[in-house]
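The values are calculated or read from the model by the stated rules, or taken from the named source; none is laboratory data. Nothing here was measured: the structure is a model prediction, and the numbers come from that model. Cβ sites come from the backbone with ideal geometry, for glycine too, and all protein chains shown count toward neighbours. Please note that ligands, DNA and RNA were not included when accessible areas were found on the heavy atoms of the full protein model with its side chains. Shrake-Rupley method; radii C 1.70, N 1.55, O 1.52, S 1.80 Å.
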Amino acid sequence: MAAAGQLQTGNLGVVIASVIALGLGGVACLMVSLFLANLRQGAKARELAAQARQHARQRLEDSRVQDLRPLLDAASCEAGGKPLRVDLHLPPQAVPVLAIETELRELLAKVTAYAASVMHAGATLQVRAHTEGEQAVIHWHDLDAVDARPPLARFFDSAHAAAALASARACERIASGHGGRIYSAPDAGGVLGLTLRLPLLQA
């Protein structure tokens, strides 16, 4: 009986030791898997950071000094065939920014196209460029608007159709990619329009 009791106790000890060993093995495996996952996440984060730095360097290499005046003049001419007039106000001095020309032209073209699509036929789109501190500022304003918040100022409304909303988001991405922003804001006259602000290239 004593021998049988000792045998059962020994077996129980072996079972307990086996359970403990399995538990410790599971913990060790979990720790190893977490360590490997952290290594993979760290490597992925470093890869993404390197890609972001490469993208930023490439954008900088592609950027050139742009005077906003001829770009605005070209965008206004493109609107000439559409049912609206353009009242363009440009300063006598250059308004230089560091930008990718194709992207800046795309932004100006999208804003002009949107204005033509929402303003009344024969209405006047006033486009005014000026410098303000360390920023270059462009403001688009519907001179014939009677609403406090005319359609031109609702470029970024989420209720727009998918195509119009995609165009607005593209303008936001381009402005942000150049260190600026585009948003709805009133001009000196108080009527809401669209304002683009970009870092002014200092001499």
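In contact with a Ser or Thr (Cβ under 6 Å, 6 or more places away or on another chain), surrounded by 10 or more Cβ atoms within 10 Å (Cβ to Cβ) and at pLDDT 70 or above: does that describe Val32? It would help to see each step written out before you state the result.
Values: in contact with a Ser or Thr (Cβ under 6 Å, 6 or more places away or on another chain): no; surrounded by 10 or more Cβ atoms within 10 Å (Cβ to Cβ): yes; at pLDDT 70 or above: yes.
Here the answer is no, as Val32 does not meet what is asked.
Filter region 94-114 for residues that are polar (S, T, N, Q) and touching a residue at least 24 places away in the same chain (Cβ under 8 Å) and give the result.
First, the residues of region 94-114 that are polar (S, T, N, Q): 102, 112.
Scanning region 94-114 gives a single hit, Thr112.
Within region 85-95, can you find the residues that are in a strand (DSSP E or B) and of a type in the set (A, V, I, L, M, F, W, C)? Spell out how you get there, then give the answer.
Restricting attention to region 85-95, the residues satisfying the condition of being in a strand (DSSP E or B) are 85-89.
Result: Val86, Leu88.
Can you name the residue in region 141-179 that is open to solvent by 70 Å² or more (accessible area, probe 1.4 Å) and in contact (Cβ under 8 Å) with a residue 40 or more places away in the chain and, of all such residues, is nearest to the chain's Cα centre (by Cα)?
Arg149
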